[in-house]
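What follows is one structure encoded as structure tokens, with my remarks underneath.
The values are calculated or read from the model by the stated rules, or taken from the named source; none is laboratory data. Since this is a predicted model, take the numbers as computed values, not measurements. Cβ coordinates were reconstructed from backbone atoms using ideal geometry, including for glycine residues, and neighbour counts include every protein chain displayed.
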2 protein chains.
Amino acid sequence: MEKMNMVKLAKELNLSVSTVSKALLDSHEISAKTKERVIELAKKYNYKPNKFASSLRKGKSKFIAVIIPEINNNFFSIVVDSINSFAANKEYDLLVYLTHEKLISEISVMEHLEISRVDGIIMSLCSQTKTYDHIIKFQKDTELPIVFFDRVTTLEDFPRIITNNYESAFEATMHLFKQGSKIPFYLYSSELNYINKERHRGFRDAMIRNGIEETESHCVQCADDWEINYSIIYNLLSSENPPDAIFASIEKLAITVYEVAKDLNFKIPQQLKVISFSNLRTAALLSPSLSTVSQPAFEMGEQSVKLLFKMIEKKFYKNANDIITINSKLDFRDSTKNSK
Amino acid sequence: MEKMNMVKLAKELNLSVSTVSKALLDSHEISAKTKERVIELAKKYNYKPNKFASSLRKGKSKFIAVIIPEINNNFFSIVVDSINSFAANKEYDLLVYLTHEKLISEISVMEHLEISRVDGIIMSLCSQTKTYDHIIKFQKDTELPIVFFDRVTTLEDFPRIITNNYESAFEATMHLFKQGSKIPFYLYSSELNYINKERHRGFRDAMIRNGIEETESHCVQCADDWEINYSIIYNLLSSENPPDAIFASIEKLAITVYEVAKDLNFKIPQQLKVISFSNLRTAALLSPSLSTVSQPAFEMGEQSVKLLFKMIEKKFYKNANDIITINSKLDFRDSTKNSK
């Protein structure tokens, strides 16, 4: 069957396109009798008005954009799952953009969204983002609501959904000392973002609390690349004074620590204790089971999308500089067992 | 600053909206001088034409929809990552829909897409899908190109990107026998879909090859729910004649087998060998390391999106009943070690 459109419908009904369009949108300007005629013929041809065309008229696209560094990552995939559930309830569709930790991709996605049409954005910054000019410009040009989660800006005027990074990092490091570590190290992947600074600060304060004032040599910056990280960790564990404990700021660094330890025949936890921020489904099944700080991924997604909908409905982004903190959960397992 | 739109631009320039619109689209109908005036004023107000409005005129939305059962799953998140990379190169945006293994969600997403505007669909069926009426209807009404991957239809006229399910399942089961198993079991989560039938058939043929003709009592159907699966597997391993090997058709069943074995103090591989279809990043780090059949997730995503773009460009969906098979990779690890 030939594809139907509004022009063909109008022609067959001997009505204007505008009348047909208004009838299909149930406009009060159109008589009940005309609406009936239009709907009947539309049904006959199985014609449904184009969502985009109709959303253009209504002023809402019913799309939200989710901009994240990666999707093949337990934390982010749970967040997307969560956002999806709540968005679907409100008949919103998700546009998913991945930056792959590249600032150039993040900027290009935002430029693209300037001329696209979404009702709001939920976003977690890539690891290279150190300044926020592209975000300030986007906000000024589009006036669209944006909610940041996890890797947030430090800019005011943007609502942020975060976890208690400082306290969790402090507790995790204190736990390493309590389990017998003398020289814990902190592994992280990017220098300047807000959550990493908080985790860094938590690590440092726990070190100072345990009498170690010089902490910078205990903090090792890694990369976004598996091979580079493998060699950084390999060199660290093969060095003359290797760490006796590692606190990893992200899950993939902990996995690489396990891989290197296996290859070097380094015993976890006897020679090396490991704890990590992680949402790994198999943490308890690893050899040995991995102690984790789990971020509340599902709840963070839920709060992000609920806040975004509030902003879309009330258009109050300028006052929405809320910070919502949802606590992480510490699970101590065999990888930090006291081996004495 | 007040938000600019085409109507305001047209007013200030004393031109018609249509002229402004055509000028911004660089139409040959508009003089160079007028274009210059329009672009200059648009720049002054930092006005960029709306992507959707302009795509409506051009006849392409530059959106593709990806419909998958879940995103918090290594296989599907790698596929989405892969589709995203290739789509971004062509300046296409991804709409991601999750069915959470519910047929009712799958149908509702397809109904929704009938009135939305996407240029094509990449899809993997949910576990409840046993008939294809909603897909046939969608195809007839919209004439949009659809590529299926992994969990595909058996309908002709739809291109399918799959892996060698039969051969992989056969090899995996043969491996269990070779490693000393006498009574391997097959665990799967949904009965009637195409790939499960293929895996089932591979298992059965390997059983017959090893002299076991009655295979149905060795095939255990599980669910989409962790608790139900836990109790099914718990009962199986606690039964009078427990299996000495398990071939799991999906990763999460293998993880649950590990969890139950741990709780029951069942030794893998001494008492129970385990092999599974899986894209688990940590398979080699589990206790014990898990033998896997890894599907080529990234390549399957790549082939799906490349084929979809070919269909979008050439509009030849009716002839595109291609089946592209990309082989899986078997990695034998400690979970299937011969313990004799």
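Observations on the structure shown:
- Considering residues of segment A:43-83 that are over 25 Å from residue A:117 (Cβ atoms) and at the interface with chain B (Cβ under 9 Å from one of its Cβ atoms) only, the residue modelled with the lowest pLDDT: A:46
- Residue that is farthest from residue A:306 (Cα to Cα) [pool: residues in segment A:93-121 that are β-branched (Val, Ile, Thr) and within 7 Å of chain B (Cβ to nearest Cβ)]: A:115
- Only listed residue being under 23 Å from residue A:92 (Cβ atoms), assigned by TED's automatic domain parsing to the domain that holds residue B:322 and of a type in the set (D, E, K, R), chosen from B:114, B:143: B:114
- Qualifying residue in segment B:188-198 (condition: over 30 Å from residue B:112 (Cα atoms) and among the aliphatic types (A, V, I, L, M)): no
- Inclusion of residue A:194 among residues that are within 20 Å of residue A:291 (Cα to Cα) and hydroxyl-bearing (Ser, Thr, Tyr) is not warranted.
- Residue B:40 being within 12 Å of another protein chain (Cβ to nearest Cβ), surrounded by fewer than 17 Cβ atoms within 10 Å (Cβ to Cβ) and modelled with pLDDT under 90: no
- Flag if residue B:124 is within 14 Å of another protein chain (Cβ to nearest Cβ), without any contact (Cβ under 8 Å) to a residue 60 or more places away in the chain, closer than 24 Å to residue B:70 by Cα and among the small types (Gly, Ala, Ser): no
- Search result, residues across segment B:135-159 that are away from chain A (no Cβ under 14 Å) and under 21 Å from residue A:47 (Cβ atoms): B:135, B:145, B:146
- Residue B:199 of a type outside the set (Phe, Trp, Tyr), in the same structural domain as residue B:75 (by TED's automatic domain parsing) and touching a Ser or Thr at 6+ places or on another chain (Cβ under 7 Å): no
- Evaluation of residue B:186 against (1) among the aromatic types (Phe, Trp, Tyr); (2) within 14 Å of chain A (Cβ to nearest Cβ); (3) touching a strand residue (DSSP E or B) at 6+ places or on another chain (Cβ under 7 Å) (one fails), failing number: (2)
Residue-wise test of (1) closer than 25 Å to residue A:75 by Cα; (2) touching an Asp or Glu at 6+ places or on another chain (Cβ under 8 Å); (3) within 14 Å of another protein chain (Cβ to nearest Cβ).
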{"site": "A:205", "(1), (2), (3)": "no, no, no"}
{"site": "A:208", "(1), (2), (3)": "no, no, no"}
{"site": "A:229", "(1), (2), (3)": "yes, no, yes"}
{"site": "A:251", "(1), (2), (3)": "yes, no, yes"}
{"site": "A:257", "(1), (2), (3)": "yes, no, yes"}
{"site": "A:266", "(1), (2), (3)": "no, no, yes"}
{"site": "A:282", "(1), (2), (3)": "yes, no, yes"}
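- Test: residue in segment A:296-319 that is more than 22 Å from the chain's Cα centre (by Cα), in contact (Cβ under 8 Å) with a residue 12 or more places away in the chain, part of a loop (DSSP other than H, G, I, E, B) and assigned by TED's automatic domain parsing to the domain that holds residue A:219: no
- When residue B:330 is tested against (1) within 20 Å of the chain's Cα centre (by Cα); (2) surrounded by fewer than 17 Cβ atoms within 10 Å (Cβ to Cβ); (3) assigned to a strand (DSSP E or B), just one condition goes unmet, and that condition is (1).
- Condition met for residue B:127 (among the small types (Gly, Ala, Ser), under 24 Å from residue B:247 (Cβ atoms) and either out of contact with any helix residue (DSSP H, G or I) (no Cβ under 9 Å at 6 or more places or on another chain) or crowded, with 20+ Cβ neighbours inside 10 Å (or both)): yes
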